[in-house]
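A.B. asks: This is the structure I want to talk about, given as structure tokens.
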Amino acid sequence: MHGPAVVSWLLVAVCGATGAYRLARCRGRVPPGARHTAGVEAAMGLGMAVMALPLGTQRVPAPVFAALFGGTAVWALYGLRRSGTHCLHHALEASAMVYMALAMRSAAPGGHAAHAGHAERAGPVGSVGVPLLTAVLLAYFAAYALRAGTRLVAVPGGGSAGGWAGGGGGCAPGASDACGLNLAMGSFAMLVTL
């Protein structure tokens, strides 16, 4: 990830805390669909926290991130019948992380975009990946974050109206929506700094 170290550390804190909270929600008396959603969000949050570490993408090879998030996308789709269509969002979010890991790999020293003669493929200074795809993903995560934020504000007491983000899973009122909001904002921030 590129950008200021303070942004990276804030992402590590927010995504790590979200992942740890959702991991704790996987235990106990939680319906299977909510447990699945909490597990996927835990994997996403903890994986994003490691990816956001300053120099984290240089210490952990891109194929490891691609495998982690690719597996998370498949896991999210596996729960589609039990947990509902919200799993599609998690699959897209995990796929966006695979895209970022591979794009950062191509921009790393020795990556394809870093070779002499291929600089024109890397785009503007500091940008990697496919600009149109990055823009579409940015728009999606911005819209998702706005939707999740308005759901937190719109419901009296800050609770979730109908379990939109995976049924809550025994969370405090609104915590499931807040976790979804954190991960969407984290995805957005990571894409901006790509």
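Please treat every number below as a calculation from the coordinates, not as lab data. Quantities reported herein were computed from a predicted structural model and do not represent experimental measurements. Quick reminder, even Gly has a Cβ in these numbers, built from the backbone with ideal geometry, and neighbours come from all protein chains shown.
A.B. asks: If each residue of separation counts as 0.36 nm, what is the full-extension length gain between T150 and A5 once their alpha-carbon separation is subtracted?
C.D. replies: Here the answer is 49.2 nm.
A.B. asks: Here's something else I'd like to know. Subtracting the Cα-Cα distance from 0.36 nm times the residue separation, let me have the gained length for A135 to L80 in nm, one decimal.
C.D. replies: 17.2 nm
A.B. asks: How do 77-84, 137-144, 65-72 rank on mean C-beta neighbours within 10 Å, highest first?
C.D. replies: 65-72, 137-144, 77-84
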